[in-house]
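Working notes for the structure below.
The values are calculated or read from the model by the stated rules, or taken from the named source; none is laboratory data. The shown structure was predicted, so the numbers you read here are calculated from the model rather than taken from an experiment. Please note: Cβ atoms are built from the backbone with ideal geometry, for glycine as well, and neighbour counts cover all protein chains shown.
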Number of protein chains: 2
Amino acid sequence: MGKVYTQASVSLDGYIVGPGGTGFEHLFAWCTAGDVETPTYQAERLTYRTNAATAAYLRDLLDGTGAVVIGRRLFDATNGWNGSHPLGKPVFVVTHEPPQDWVDTDTSFTFVTDVVEAAVAKATAVAGDKHVGVGPGSTVGQAIRSGLIEELRVDLVPLTLGDGVRMLDGLTDAPRTFGTPQVIEGIGVTHLTYQLS
Amino acid sequence: MGKVYTQASVSLDGYIVGPGGTGFEHLFAWCTAGDVETPTYQAERLTYRTNAATAAYLRDLLDGTGAVVIGRRLFDATNGWNGSHPLGKPVFVVTHEPPQDWVDTDTSFTFVTDVVEAAVAKATAVAGDKHVGVGPGSTVGQAIRSGLIEELRVDLVPLTLGDGVRMLDGLTDAPRTFGTPQVIEGIGVTHLTYQLS
């Protein structure tokens, strides 16, 4: 069985979004900072260009993920990626009120009105031997508190944003320690993979 | 001439102190997580035990630092290390009101009632060819904003603290980007060294 992981590009001061929704050009600059190409499911829309180490890290995620769980805010912010998620894998959206007018075009979207555990369980069943990616967003905090996240992948960006949305907020079970991470050195990014369980 | 650097043990969620002054046993667990010994100036009070990579990183800091700049809060919290700073180097304390009853016993303490720039200038003059260490604490934010810090050393600890004192607060000049860090992998810690200028 695969792992349940979460991944986020995070500034050195801990933000995944800058003040007023800014900062993305800095947070994701590493995605195109090198010359080794890693195409996603929709290569013309998103092809990473990184060093070889980051490319291997990304390839592992892209090939290894079987389903995705996100919150409603990310779904709305991306407009459901206009029907086509970059991973090309089924997406489970945790939401109190599913949109009434949504029709799948490419990616399969499932709206889960239950707790995040239920969405992760559904995603795990669909993912089979592959990983389930959760988040980013507030869903991640819930999932970590519930002990659902097995692996935390932090793409640490040499950047301060000063304010915004924090990666790890509302962790009411802190302090919590975990083991030494696996480290992969990219260009303008340090990939840190922590095992949470 | 040496560099002006700051160094801090930081939790993955960005804190250098946990809620209510807690968390130090976790933040500094890496200091004694291995079997390579790195004695400080006062070996009987503080000898690091780490892996070899961390030991080299620490040796470089311990031998390479010629003076230290701190804020009043840290001075008070440690009671001036009872007169003897672990690095055994002159300490410059930025404070509005110098203590009236302080008498140097071992380490030389100088109280600077001017801005942090003045303290760093004094420390740099004393350090000669060696580095000046600044902080940790609110002095660091001031020094970064003033462009005084050339090197930022983050000892990133696999830990969430949930709340407390943040490493990089009040960076009003954010967003600010810097280069890919040097990475050294310790036991229960990842040493990230960023060049700020």
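For segment B:147-163, the count of residues that are touching a Pro at 6+ places or on another chain (Cβ under 7 Å), under 28 Å from B:Trp30 (Cα atoms) and of a type in the set (S, T, N, Q) is nonzero. B:Leu168 passes every criterion in (1) over 17 Å from the mean Cα position of the chain (by Cα); (2) more than 24 Å from B:Thr32 (Cβ to Cβ) apart from (1). Among the candidates A:Leu192, A:Leu168, the residue that is within 14 Å of chain B (Cβ to nearest Cβ) and modelled with pLDDT of 95 or more is uniquely A:Leu192.
Filtering segment B:1-22 to residues that are under 14 Å from B:Asp155 (Cβ atoms) and either of a type in the set (Gly, Ala, Ser) or over 15 Å from the mean Cα position of the chain (by Cα) (or both) leaves B:Ala8, B:Ser9, B:Ser11, B:Leu12, B:Gly14.
When only residues in segment B:174-189 that are assigned to a loop (DSSP other than H, G, I, E, B) and more than 7 Å from every other protein chain (Cβ to nearest Cβ) count, which is nearest to B:Ala52 (Cα to Cα)? Once the filter is applied, the top-ranked residue is B:Gly186. Of the set (1) within 30 Å of B:Val140 (Cβ to Cβ); (2) at pLDDT 90 or above; (3) not β-branched (Val, Ile, Thr), all apply to A:Leu148 but (1). Could we say that A:Thr139 is in contact with a strand residue (DSSP E or B) (Cβ under 8 Å, 6 or more places away or on another chain) and β-branched (Val, Ile, Thr) here? Taking the combined requirement at face value, the residue satisfies it.
Restricting attention to segment A:97-114, the residues being under 13 Å from A:Gln142 (Cβ atoms) and touching a helix residue (DSSP H, G or I) at 6+ places or on another chain (Cβ under 8 Å) number 1. Taken over segment B:17-33, residues that are part of a loop (DSSP other than H, G, I, E, B) and within 11 Å of chain A (Cβ to nearest Cβ) amount to 4. Just to be sure, is B:Val116 among the β-branched types (Val, Ile, Thr), closer than 30 Å to A:Gly179 by Cα and in contact (Cβ under 8 Å) with a residue 24 or more places away in the chain? So B:Val116 does not fit the description; no. None of B:Thr105, B:Thr113 is β-branched (Val, Ile, Thr), surrounded by fewer than 19 Cβ atoms within 10 Å (Cβ to Cβ), in contact with an Asp or Glu (Cβ under 9 Å, 6 or more places away or on another chain) and more than 10 Å from every other protein chain (Cβ to nearest Cβ) except B:Thr113.
Where strands (runs of 3 or more DSSP E) sit wholly within segment A:79-164, those with at least 2 residues that are over 15 Å from A:Gln7 (Cβ atoms) occupy A:91-94, A:109-112.
Each residue in segment B:35-64 was checked for being polar (S, T, N, Q) and not in a strand (DSSP E or B), and 4 pass.
Each row is one residue, and each column tells you yes or no for (1) over 26 Å from A:Gly128 (Cβ atoms); (2) of a type in the set (Phe, Trp, Tyr); (3) buried (at least 20 other Cβ atoms within 10 Å of the Cβ).
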{"site": "A:Pro19", "(1), (2), (3)": "yes, no, no"}
{"site": "A:Phe24", "(1), (2), (3)": "yes, yes, no"}
{"site": "A:Glu44", "(1), (2), (3)": "yes, no, no"}
{"site": "A:Thr47", "(1), (2), (3)": "yes, no, no"}
{"site": "A:Asp63", "(1), (2), (3)": "no, no, no"}
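Going by the conditions given, is B:Ser146 polar (S, T, N, Q), more than 23 Å from B:Asp60 (Cα to Cα) and under 14 Å from the mean Cα position of the chain (by Cα)? Answer is no for this residue. When A:Thr32 is tested against the conditions (1) among the hydroxyl-bearing types (Ser, Thr, Tyr); (2) surrounded by 14 or more Cβ atoms within 10 Å (Cβ to Cβ); (3) within 16 Å of the chain's Cα centre (by Cα), the lone failure is (3).
Let's see how each residue does on (1) closer than 18 Å to B:His131 by Cβ; (2) touching a helix residue (DSSP H, G or I) at 6+ places or on another chain (Cβ under 7 Å); (3) more than 13 Å from chain A (Cβ to nearest Cβ); (4) not aromatic (Phe, Trp, Tyr):
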residue: B:Ala8; (1), (2), (3), (4): yes, no, no, yes
residue: B:Tyr15; (1), (2), (3), (4): no, no, no, no
residue: B:Tyr41; (1), (2), (3), (4): yes, no, yes, no
residue: B:Asp60; (1), (2), (3), (4): yes, no, yes, yes
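Does segment A:44-54 contain any residue that is in contact (Cβ under 8 Å) with a residue 12 or more places away in the chain, within 14 Å of the chain's Cα centre (by Cα) and either within 23 Å of A:Gln195 (Cβ to Cβ) or within 14 Å of another protein chain (Cβ to nearest Cβ) (or both)? Scanning segment A:44-54, I find no residue that is in contact (Cβ under 8 Å) with a residue 12 or more places away in the chain, within 14 Å of the chain's Cα centre (by Cα) and either within 23 Å of A:Gln195 (Cβ to Cβ) or within 14 Å of another protein chain (Cβ to nearest Cβ) (or both), so the answer is no. In this structure, is B:Gly162 small (Gly, Ala, Ser) and either crowded, with 23+ Cβ neighbours inside 10 Å or more than 10 Å from every other protein chain (Cβ to nearest Cβ) (or both)? Taking the combined requirement at face value, the residue does not satisfy it.
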